[in-house]
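Readers should treat all values here as calculations from the given coordinates under stated rules, not as data from a laboratory. The model shown is predicted, which means the values in this text are computed figures rather than measured ones. Cβ atoms come from the backbone with ideal geometry, glycine included; neighbour counts cover every protein chain shown.
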Amino acid sequence: MNLDLNILLTQVSQTAKEIGSYLKNEQANLKQSAIEMKGLRDYVSYVDKEAEKQLVVKLKDYVSDAGFLTEEDTVEYEKKEYTWIIDPLDGTSNYVHDLAPYAMSIALMHKEEVILGVVYDPLADEMYTAIKNEKPRLNNNIISVTDKDEILNSFIGFGIPYDVTTEARNILSNTFKHFGNASFRLKGSAAIELCYVASGRYDAYFHSDLSAWDVAAGAFILQQAGGKVTDFRCGSNYIFGKELVATNSKLHNAIMKNIINLR
Ligand code: IPD
Ligand code: CA
Ligand code: CA
């Protein structure tokens, strides 16, 4: 099956915008009683689930017989030639506390390769998009990474895993030890923060204990923007490997030298 990625990107972006409006509207009326805990610090509500259902219905229409890997399990995961990897609401902790940012993250994989990525932030009305072999865009304007090449005064995002294991604790405390002369931001949405590296807002981002739906679209958008993404061992298992280091590329080696000392 051959897909026209340009047409598909238009369809997916339109859908992200529509369901993004749903997220935003529901947030305004979200009741405490609608919020459930999936685990320690890990929130979910009917909004995540309903947004995912709506998304799956639309995406099924666009690519017949594609598989799905979704956070809220609307469809059972089945490996197919094409697979959608989606997080209907990334940044749920922000969402339930009425904070920005939060986003919808949609990636399409062909066999083992991501070929389309969309991350939509409905509060900022920012749509990050990329397709294979083309430069990525933010609201239709081409974006690219920074050219910062040293850690001194670099602007680095990171995240705290829900499950704060000893390893995660070490990573957090050692971060300040090893990256002491950088500035840090922690915004609570991996999908968006990867796009911040892609669009030159951050110089780098790293996080352990993530899932494929958090990173598949954002990592692809970043790579198309000239950035580099690896796992914590500098390998390529960053979508399913639960940890990633994402940089403007020029900073990658310097960041990696410190990352290996974080555990
Ligand atoms: C989370 C966000 C957050 C990251 C967590 C993720 P969710 O996704 O990306 O930034 O720190 O590890 O699970 O739960 O809001 O979809
Ligand atoms: Ca997520
Ligand atoms: Ca989510």
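Quick notes
- Sorted by Cβ neighbour density within 10 Å, fewest at the top, the residues Ser173, Ser105: Ser173, Ser105
- Alpha carbon Rg of the range 161-212, scaled by the compact-globule rule 2.2 N^0.38 Å: 1.19
- Computed Kirkwood radius, in angstrom, where 1/r is averaged over Cα pairs of the chain: 18.3 Å
- The charge dipole of the chain, taken about its Cα centre with unit charges on the Cβ atoms of Lys, Arg (+1), Asp and Glu (-1) only, comes to about 740 debye.
- Put simply, the range 1-148 fits an ellipsoid with semi-axes of 26, 19, 13 Å; these come from the alpha carbon gyration tensor as the roots of five times its eigenvalues, largest first.
- Charged-residue dipole, Cβ positions (Lys, Arg, Asp, Glu), the range 5-135 about Cα centre, Debye nearest 20: 160 debye
- Across the chain, Cα pairs under 8 Å and at least six residues apart give a relative contact order of 17 percent.
- Reachable aspartates and glutamates from Lys24, criterion Cα separation under 15 angstrom, eight or more residues apart if same chain: Asp48, Glu50, Glu52, Asp90, Asp98, Asp121, Asp125, Glu126
- Contact order relative to length of the range 1-134, as percent, for alpha carbon pairs under 8 angstrom and 6 or more apart: 22 percent
- Binning the alpha carbon pair distances of the range 178-252 at 5 angstrom intervals from zero yields the distribution 3, 19, 32, 27, 15, 3, 0, expressed in whole percent.
- GNM result for the chain, Cα springs below 10 Å: residue of Asn139, Asn29, Asn174 fluctuating most strongly: Asn29
- This ranking places His110, His207, His97, His178 by how few other beta-carbon atoms lie within 10 Å of each, fewest first, which gives His97, His178, His110, His207.
- Converting the Cα gyration tensor eigenvalues of the range 38-88 into ellipsoid dimensions via √(5λ) gives semi-axes, longest first, of 22, 12, 7 Å.
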